[in-house]
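Report on the structure given below.
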Amino acid sequence: MHQALSAAISIGFFGLAYAMVLYLISVGLSVTLGLMGVVNLAHGAFAMFGGYAVTELMARAGLPFWAALIAGVVLVAAGGAVLERVLYRRLYGGDELDQVLLTIGLVFMSLAAARFGFGTLDQVFHPPPALAGTITIAGRSFPTYRSFLILSGAALVALLWLGLDRTRFGAMLRAAVDNPRMAEAVGIDTGRLFAVSFALGSGLAALGGGLGAEILPISPAYPVQYLVDFLTVVAVGGAGSIRGPFLAALLLGISQTAFLYFWPASGSFFIDALTLGLLMWRPRGLVPAA
Amino acid sequence: MIAADPVAALAARHRWRWPEALPWLAAVAAFFLFPGYLALGAQILASILYGLSIDLVLGYGGIVTLGQAAFFGTGAYTAGLLAAHGMGAPEPGLIAAGLAAAALGALSGLAVLRLSGLAQLMATLMVAAMLQSAADKASAITGGADGLQNMAVGKVLGLFAFGLYGRTAYLYALAVLFLCFLGMRALVHSPFGRSLVGMRENAARMTALGAPVFARRLIAYTIAAGMAGISGALYAQSTGFVAPDSLGFDRSGNILVMLLLGGIGRLYGAFIGVPLFMVAQDRLSDLDPAYWYFWIGLGLVLMVRFARGGILGLAARIRRE
């Protein structure tokens, strides 16, 4: 009994930390898919470059963790905005195969660029001293950094949802996802809205990549290695939905942790089967966008 | 260009035109011109067949798949396991591989084809991922991550052994590709093939016309799975080795890129995209092993920007102008 409880607590804890990272990275993908109708297979590359920015700025430029994180988010969001103007906007509402081809091209380029800039090894990530070590809650010890991930993740999710619910930008974004033509007809500048949301989504991915560099190690293979996880979160959650992917990230994060805990050898098989079942059950996602 | 007599133009669609002989002439010429590269050549020919299977599903059927490796790998393992257990005759192995992959295609198609869009794409991916995990874990049967190694492949037609230089493998792959291509060409020009295109363009209208959309898509998916299985078997028999990555995501993704590069839904896209990609991969990774992905990626981005519809699409546009 005691053992079962302790297993449940650690699965819940590590699963939750993992789910936060998955959600932060995937939510931007859901928005680009729902809002612009673009299957952005290169989305993982934004998270990867966020991770590289954090680890490299800390290691080489000696920046503190927070500064490196913010710098990484700003850099990647700016990069995302440029790519949106130059490349992505031509794909909106266009041929799916063109989207696949272009974004796979970007993935290939980002792999090679990361390899050229930073080598093939996993980046070493050291949490800042204040977040290193473990903390003890109710007689159990937990890694401090993961606890911080859960708390900061929850705070960011709350901030994001509140922002999308309460601000003018959020209302415009929701209107455009629900009915782009009507949104345009009432005077919303959808072109600008797309650019801002794309930059925001890339920035969030960079934040997730940077914060989660301990859970999903940063290496040139990153954009391909975790792409399936990000796509799964969006497909299971509901493309275009903001809350659905959170549910899916929780489900996937906790069940992946549980399967790896109990059946490390065959965990991935069951996760894939579970995903397939969920897709068959709810083809438009757990929380379909309108 | 509008034909004077549209009925005659439609009736003439399936007639052979002289440029269609070019790929085969090139393949035979390559046999004599590049005797040192026949092993690579055999892999290219097998991959063209794999590309044709994607063209049937995606180009003609409009079914978005990122999991065709499920069938490629099933074929490769079927041929590999037969050869490892004393049934190394290549031709029956090839047929068994095609049938096994087709059976899996029919079965998974029942589920996958009920979905559409992103859910369908993810479902195809999940089927392949599940098989890959299974192949990885069932190491008693498949050799696990180390791959299946003790294959003993027999002689083609009982006469020609697979040698070091790949001469047999090349001609064998070429013959198999040619036969499969004849079947595929007849299929896409048949009323069945035309109805697939109709469903790709407007499934609702085809349903209204009384076409059994689901059943026809399932048949196309099954046939394409069989082709992918035969292609996987060609790979396994010519290299004498199968590993779980034959079921992997790269195997599904790269072939899609190759086909899109050549031009999709045009029957000959694979004959252009696959050799181009694989020869470039071979050459560029010799010159610049780490970074060849950058150049191929840049090529893809520029292509979407300036040459939509792949190389054949570009050629068709130039000819029209």
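The values are calculated or read from the model by the stated rules, or taken from the named source; none is laboratory data. Source: prediction; values computed, not measured. Reconstructed Cβ throughout: ideal geometry from the backbone, glycine too, with neighbour counts over all protein chains shown. To get the accessible areas, we keep the full protein, side chains included, count just its heavy atoms, and leave off ligands, DNA and RNA. Shrake-Rupley method; radii C 1.70, N 1.55, O 1.52, S 1.80 Å.
Annotations
- B:PHE34 falls short on exactly one of the conditions (1) open to solvent by 90 Å² or more (accessible area, probe 1.4 Å); (2) more than 24 Å from B:PHE162 (Cα to Cα); (3) not basic (Lys, Arg), and that condition is (2).
- Residue within region A:235-242 that is surrounded by fewer than 18 Cβ atoms within 10 Å (Cβ to Cβ) and within 11 Å of chain B (Cβ to nearest Cβ) present: no
- Residue that is over 26 Å from B:LEU52 (Cα atoms) and within 14 Å of chain A (Cβ to nearest Cβ), where the choices are B:LYS137, B:LYS155: B:LYS137
- Qualifying positions in region A:11-23 - open to solvent by less than 10 Å² (accessible area, probe 1.4 Å) and not aromatic (Phe, Trp, Tyr): A:GLY15, A:ALA17, A:ALA19, A:VAL21, A:LEU22
- Which listed residue is touching a helix residue (DSSP H, G or I) at 6+ places or on another chain (Cβ under 6 Å), within 14 Å of another protein chain (Cβ to nearest Cβ), open to solvent by 10 Å² or more (accessible area, probe 1.4 Å) and modelled with pLDDT of 90 or more, from B:MET258, B:MET278, B:MET227: B:MET258
- Matching residues, region B:42-63, being assigned to a helix (DSSP H, G or I), small (Gly, Ala, Ser) and either closer than 18 Å to B:LEU276 by Cβ or out of contact with any Ser or Thr (no Cβ under 8 Å at 6 or more places or on another chain) (or both): B:ALA42, B:ALA46, B:SER47, B:GLY51, B:GLY59
- Taken over region B:116-134, the criterion of being surrounded by 20 or more Cβ atoms within 10 Å (Cβ to Cβ) and either at positive phi or not small (Gly, Ala, Ser) (or both) is satisfied by B:LEU118, B:GLN120, B:LEU121, B:MET122, B:THR124, B:LEU125, B:MET126, B:VAL127, B:MET130, B:LEU131, B:GLN132.
- Looking across region A:125-152, the residues that are assigned to a loop (DSSP other than H, G, I, E, B) and without any contact (Cβ under 8 Å) to a residue 24 or more places away in the chain come down to A:ALA132, A:GLY133, A:ALA138, A:GLY139.
- B:ILE63 being among the β-branched types (Val, Ile, Thr), at pLDDT below 95 and buried (at least 20 other Cβ atoms within 10 Å of the Cβ): yes
- Among (1) surrounded by fewer than 21 Cβ atoms within 10 Å (Cβ to Cβ); (2) out of contact with any Phe, Trp or Tyr (no Cβ under 9 Å at 6 or more places or on another chain), the one test that A:ILE104 misses: (1)
- Region A:63-94, residues that are within 30 Å of B:GLY62 (Cα to Cα) and either assigned to a helix (DSSP H, G or I) or within 20 Å of the chain's Cα centre (by Cα) (or both): A:LEU83, A:GLU84, A:ARG85, A:VAL86, A:TYR88, A:ARG89, A:ARG90, A:LEU91
- Out of A:VAL76, A:VAL38, one residue alone is more than 8 Å from chain B (Cβ to nearest Cβ), in contact with a Leu (Cβ under 7 Å, 6 or more places away or on another chain) and crowded, with 21+ Cβ neighbours inside 10 Å. It is A:VAL38.
- For A:LEU260, the stated conditions hold: it is out of contact with any strand residue (DSSP E or B) (no Cβ under 7 Å at 6 or more places or on another chain), more than 12 Å from chain B (Cβ to nearest Cβ), surrounded by fewer than 18 Cβ atoms within 10 Å (Cβ to Cβ) and not charged (D, E, K, R).
For every residue, the table says whether it meets (1) open to solvent by 50 Å² or more (accessible area, probe 1.4 Å); (2) within 12 Å of B:ALA42 (Cα to Cα); (3) assigned to a helix (DSSP H, G or I).
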residue: B:ALA173; (1), (2), (3): no, yes, yes
residue: B:VAL176; (1), (2), (3): no, yes, yes
residue: B:GLY183; (1), (2), (3): no, no, yes
residue: B:ARG200; (1), (2), (3): yes, no, yes
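- Scanning region A:54-72 for residues that are in contact (Cβ under 8 Å) with a residue 24 or more places away in the chain and open to solvent by 40 Å² or more (accessible area, probe 1.4 Å) returns A:MET58, A:ALA59, A:PRO64, A:TRP66.
- Being open to solvent by less than 10 Å² (accessible area, probe 1.4 Å), within 14 Å of chain A (Cβ to nearest Cβ) and of a type in the set (Ser, Thr, Tyr) is a condition met by at least one residue of region B:237-255.
- Among (1) within 14 Å of chain A (Cβ to nearest Cβ); (2) without any contact (Cβ under 8 Å) to a residue 12 or more places away in the chain; (3) part of a loop (DSSP other than H, G, I, E, B), the one test that B:GLY210 misses: (1)
- Neighbours by Cβ (under 9 Å, 6+ apart or cross-chain): first from region A:75-88, closer than 16 Å to A:LEU101 by Cα; second open to solvent by less than 50 Å² (accessible area, probe 1.4 Å) and not in a helix (DSSP H, G or I): A:LEU83/A:ALA42; A:TYR88/A:VAL38; A:TYR88/A:ASN40
- Taken over region A:122-171, the criterion of being of a type in the set (A, V, I, L, M, F, W, C) and over 18 Å from the mean Cα position of the chain (by Cα) is satisfied by A:VAL124, A:PHE125, A:ALA130, A:LEU131, A:ALA132, A:ILE135, A:ILE137, A:ALA138, A:PHE142, A:LEU162, A:PHE169, A:ALA171.
- Scanning region A:95-124 for residues that are over 22 Å from B:LEU256 (Cβ atoms) and either at pLDDT below 85 or outside any helix (DSSP H, G or I) (or both) yields A:GLY119, A:THR120, A:LEU121, A:ASP122, A:GLN123, A:VAL124.
- From the list A:PHE65, A:PHE118, the one residue that fits, being among the aromatic types (Phe, Trp, Tyr), away from chain B (no Cβ under 14 Å) and closer than 15 Å to A:ILE218 by Cβ, is A:PHE65.
- Residue within region A:267-277 that is small (Gly, Ala, Ser), at the interface with chain B (Cβ under 10 Å from one of its Cβ atoms), under 17 Å from the mean Cα position of the chain (by Cα) and under 25 Å from B:THR124 (Cβ atoms) present: no
- Test: residue in region B:289-309 that is away from every other protein chain (no Cβ under 14 Å), crowded, with 18+ Cβ neighbours inside 10 Å and over 19 Å from A:MET109 (Cα atoms): no
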